[in-house]
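Take a look at the structure below.
FYI, it's all coordinate maths here, none of it is from the lab. Because the structure is predicted, anything quoted here is derived from the model rather than measured. Neighbour counts are summed over all protein chains in view; Cβ atoms, including those assigned to glycine, are modelled from backbone coordinates with ideal geometry.
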Amino acid sequence: MHSKGKLPGLESVGIDMCEDCIFGKQKRVSFQTSGRTPKKERLELVHSDVWGPTTISSIGGKHYFVTFIDDHSRKVWVYFLKHKSEVFEAFKRWKAMVENETGLKIKRLRTDNGGEYEDTRFKKFCYEQGIRMERTVPGTPQHNGVAERMNRTLTERARSIRIQSGLPKQFWAEAVNTAAYLINRGPSVPLEHRIPEEVWSGKEIKLSHLKVFGCVAYVHISDQGRNKLDPKSKKCTFIGYGEDEFGYRIWDNENKKVIRSRDVIFNERVMYKDRHKNDASNTEQSVPIFIDTDDVPDSLVTEPMVASPQLEELVGQEQCAAVRHTAPSTPAPVLRRSSRPHVPNRRYMNYLLLTDGGEPECYDEACQTGDASKWELAMKDEMRSLISNQTWELAELPVGKKALHNKWVYRVKEEHDGSKRYKARLVVKGFQQKEGVDYTDIFAPVVKLNTIRSVLSIVAIEDLYLEQLDVKTAFLHGDLDEEIYMHQPEGFSERGNKNMVCRLKKSLYGLKQAPRQWYKKFDSFMHKEGFQKCNADHCCYFKRYRSSYIILLLYVDDMLVAGSDMDDIRRLKQQLSKEFDMKDLGPAKKILGMQITRDKHRGILQLSQTEYINRVLQRFNMGDAKPVSTPLASHFHLSKDQSPQTEEERDLMAKVPYASALGV
């Protein structure tokens, strides 16, 4: 007001701090968004929190659990407790285990102000071990957000899988333990979707042993535990995993105890709740059952219904009493076979995405499949390409350097003629690279989809030739500027030099800089051959001859070549084959999953995704579904008001693939 001249007679006085304003207006300080990036080393920072008590004890008599989370890998360990006072002993056991496993020391422990962490013995132990204890400010659980969020995630997942299985609440600890096991083996957002267990151990994990929590498990009975005429298996319930991935925790329903076994056959379609219902209906004949048989008499006389203990437990005593009074005493009508087709339970579709796709996930699995000989030939073919290209040389690992791990990736590719080709590729685990040390810039040579459509339109209008090429092991042609070491490929370690590592001379699939290095090599070759780069798309090359021209599109290692003179195209193919290991695919028939159909007489070139859509339909068991003429039902009425109104909305919809917009 004084600055606006409203108070001319009042002198301006500056106030550094107004205590009354602080009393009246103070609010909480916002929490920092920094510091959420995982630490660089294991055990540099550990988060911990206690959950409980629960009113229902676990099958082991526990009421609490404590979690320890490594900030670097986000791996979580769970210990179950009867009392909060057991936290200190759990921490000592966990500390000894992880420090012995890694050879590292815990530096910081972040907890809340719970009394279990304020214990004198706990503080003295951390002081003697050189562990700095970081405690949150009272009333600010956000300071211990990693542990708080982990406990919430554990309990939510445990609650969901326990309810889905139908196991009683006493199995909450087994569900939490299984949830922690799965979290450690699933992608983590703070780790950029890397897997905590792999980050922690530095080794590739296997997921083929995972089973559905609460499903029926048939446990093998050893020869010492049975007679010759006794069953060789016992029907139990799967409730979790042991310390090693090949050991399972099984609930013996008959003896009410937990057993450990690796000789188990699982029926993941039948859960504990399904078995419970089936057992109840089989053991009590007084409970009504459905008869599905042709050998049924013309009429049946039923006895008065007697409620079983299982039925009383499910529906209550009052309803059972009502059933007793209303039980029919007259002859029942003739039973008929139901004409309705049997439809599997819809919940089985939930597991469809987890089924095996037929391709091995790791080297050991490839060696054990029925196509082991074919995968072996594919790996040897890949190794021949790597060796002939002088991709690496064996060397001792220098002090201070770390060797990157690698893995075999297996794919079954369908050729244009319908035959199958088994392909194995050695891929470096590029997520282990450090920016500024192992790489600097990254770039992927991917031609724009709009450019592909534009060129195909020109091909159709100008009646050009359209050929397709593929570069074998394209990334191997790029030269490396950085000094990078890699472990020898699994199954192909050189005899007598197994302790040596590979010093990479050429780029490999999986390296952060591999696409960029390949593009630099290819771009240099194209400029040498007189091609010019399109300003709007650096993966589109153009060259004009006297009476013809050629357009080349590059999508990583796939090429489309369009030209008006076939002789010029053949010469370009020969030049490319001299420089790179090429595969001539002839006339283009497929690009980016789209089929190319051409009618040169009518000047028509069509793109379709029929194979992709059929594959999606088969994946969801809808291959025999009834087709419709329109994507939407006939009762839907669309108007212009529902169309994108702004340029931003139109641009957004232009990026949505057609198949995705249809919901397939």
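Please order 111, 102, 136 by the number of other Cβ within 10 Å, starting at the fewest. Write out the running numbers ahead of the final one.
Values: 111 24, 102 15, 136 19.
Fewest-to-most Cβ neighbours within 10 Å comes out as 102, 136, 111.
Would you please name the trypsin sites (Lys or Arg not before Pro) within segment 101-135 that are DSSP coil residues with at most 13 other C-beta atoms within 10 Å of their C-beta? Can you show the working numbers first?
Numbers: sites: 105, 107, 108, 110, 121, 123, 124, 132, 135; in loops: 105, 107.
Answer by residue number: 105.
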Amide H neighbours of residue 446 at under 5 Å, excluding residues fewer than 5 places away on the same chain, with H built from the backbone geometry, are 556
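How big is the Kirkwood radius of segment 356-443, worked out from every pair of different alpha carbons and given in Å to one decimal? List each step's numbers first, then the result.
Details: mean 1/r = 0.0645 Å⁻¹.
Hydrodynamic radius (Kirkwood, Cα only) of segment 356-443 equals 15.5 Å.
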If the chain between residue 393 and residue 381 were fully extended at 0.36 nm per residue, the gain over the current Cα-Cα distance would be 2.5 nm
Residue 97 to residue 191: FRET efficiency via 1/(1 + (r/R0)^6), r the Cβ-Cβ distance, R0 30 Å, to the nearest 0.05?
0.85
Suppose the chain between residue 413 and residue 481 were pulled fully straight at 0.36 nm per residue; how much longer would it get relative to their current alpha carbon spacing?
21.2 nm
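How big is D, in µm² s⁻¹, for segment 115-259 by Stokes-Einstein at 20 °C and 1.002 mPa s if Rh is the Kirkwood radius over C-alpha pairs? Don't skip to the end; give the middle numbers.
Numbers: Rh = 18.6 Å.
Answer, rounded: 115 µm²/s.
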Would you compute the Debye intensity of segment 434-555 from its alpha-carbon atoms alone, equal scatterers and no solvent, and pass along log10 I(q)/I(0) at q = 0.10, 0.13, 0.23 Å⁻¹ to two decimals?
-0.44, -0.66, -1.38
The simple spin-label model distance between residue 633 and residue 208, using points 7 Å out along Cα→Cβ, in nm, is 4.4
So if R0 is 41 Å, what FRET efficiency would residue 258 and residue 440 give, r being the distance between their Cβ atoms, rounded to the nearest 0.05?
0.15
Mean shadow of segment 363-606, computed from the convex hull of its alpha carbons, in nm²?
15.3
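For residue 505 and residue 402, compute 0.36 nm times the residue count separating them, minus their Cα-Cα distance, and round to one decimal in nm. Before the final figure, lay out each step's value.
On the way: separation 103, 0.36 × 103 = 37.08 nm, distance 1.62 nm.
That works out to 35.5 nm of additional length.
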So, in nm, how far is label residue 470 from label residue 624 when the simple model puts each one 7 Å beyond its Cα toward the Cβ?
3.4
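Below 8 Å between Cα atoms, with a sequence gap of 6+, how large is the relative contact order for segment 215-276 in percent?
On the way: 102 pairs, mean separation 23.2, N = 62.
Relative contact order for segment 215-276 comes out at 37 percent.
From the Cα gyration tensor of segment 46-201, with a ≥ b ≥ c the square roots of its eigenvalues, which class applies: rounded if a/c is under 1.5, or else prolate if a/b is larger than b/c, or else oblate?
On the way: a/c = 1.66, a/b = 1.23, b/c = 1.35.
Note, shape of segment 46-201 comes out oblate.
Among 163-170, 364-371, how do they line up by average Cβ neighbours within 10 Å per residue, starting with the highest?
Put in order of decreasing packing, that is 163-170, 364-371.
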Label model pair residue 566, residue 579: point-to-point distance (7 angstrom along the Cα→beta-carbon line) in nm is 2.5
Whether segment 215-276 is rounded, prolate or oblate, judged on the alpha carbon gyration tensor where a/c under 1.5 counts as rounded
oblate
FRET efficiency estimate (nearest 0.05) - Cβ-Cβ, residue 143 to residue 121, R0 22 angstrom:
0.35
